[in-house]
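Engineer: This is the structure, below, for whatever I ask next.
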Amino acid sequence: MKNSILFLCLILFLGCNEEKENIDYVARNEADIAAYIAKNNIDATRSESGLYYRIETQGEGEQPLSNSDVTVAYKGYYLDGKVFDESDANGITFNINGVIKGWTEGIAYFNEGGSGQLFVPAHLGYGSNTYGPIPGGSVLIFDINLLKVEN
């Protein structure tokens with residue numbers, strides 16, 4: 001009986017400990033972003049964190065600080081062009097530290113009045129977890145217009 005219980009516990013443990021597919025989203029996202037940028041002939045800059053950004057217009061106003069409130073008009077979409085979120089022309093206002101890491105870093109590259117694109121790998125977005133309509137491991141692209149900076 002004692003051996004039966006031990007065997008049953010071992011089976012349950014092994015059954016619950018199935019290996020999940022170990023996906024390296026960092027490497028996969030890097031390759032996907034690089035391919036997208038090359039295919040679409042986009043001149044983008046890669047930061048040390050792995051964020052790619054393209055400054056279309058730098059803007060002439062203030063640059064956000066680490067604790068700034070900003071107003072940003074944006075459109076978010078996947079590499080296949082499918083839009084998952086979009087603001088109206090008036091944008092949304094938020095603290096630069098209250099959003100995904102890709103936005104916190106990326107928006108700080110622009111001055112008020114600036115516009116461009118952020119290419120956000122999963123580790124700077126929502127990671128491997130699904131978040132609402134955004135599947136885990138997704139590369140996110142944002143067209144952004146930095147409308148206002150309040151330092």
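The values are calculated or read from the model by the stated rules, or taken from the named source; none is laboratory data. Worth saying up front: this structure is predicted, and the values here are computed from it rather than measured. Counting neighbours? That spans all protein chains shown, and the Cβs are built from the backbone with ideal geometry, glycine included.
Engineer: Counting only residues that are buried (at least 17 other Cβ atoms within 10 Å of the Cβ) and either at pLDDT below 95 or closer than 15 Å to VAL26 by Cβ (or both), how many does the stretch 102-141 have?
Structural biologist: So the count comes out to 13.
Engineer: Does the stretch 84-112 hold any residues that are part of a strand (DSSP E or B) and either of a type in the set (S, T, N, Q) or within 14 Å of the chain's Cα centre (by Cα) (or both), and which are they?
Structural biologist: Correct list: PHE84, ASP85, THR93, ASN95.
Engineer: A follow-up question, please. Out of all the residues in the stretch 48-65, which are touching a residue at least 40 places away in the same chain (Cβ under 8 Å) and farther than 16 Å from ILE37 by Cα?
Structural biologist: SER49, THR57, GLN58, GLY59, GLU60, GLY61, GLU62, GLN63, PRO64, LEU65
Engineer: Any idea how many residues of the stretch 54-73 are in a strand (DSSP E or B) and either in contact with a Gly (Cβ under 7 Å, 6 or more places away or on another chain) or aliphatic (A, V, I, L, M) (or both)?
Structural biologist: 8
Engineer: Is there a residue in the stretch 17-26 that is in contact with a Pro (Cβ under 8 Å, 6 or more places away or on another chain), of a type in the set (Ser, Thr, Tyr) and either part of a helix (DSSP H, G or I) or modelled with pLDDT of 95 or more (or both)?
Structural biologist: yes
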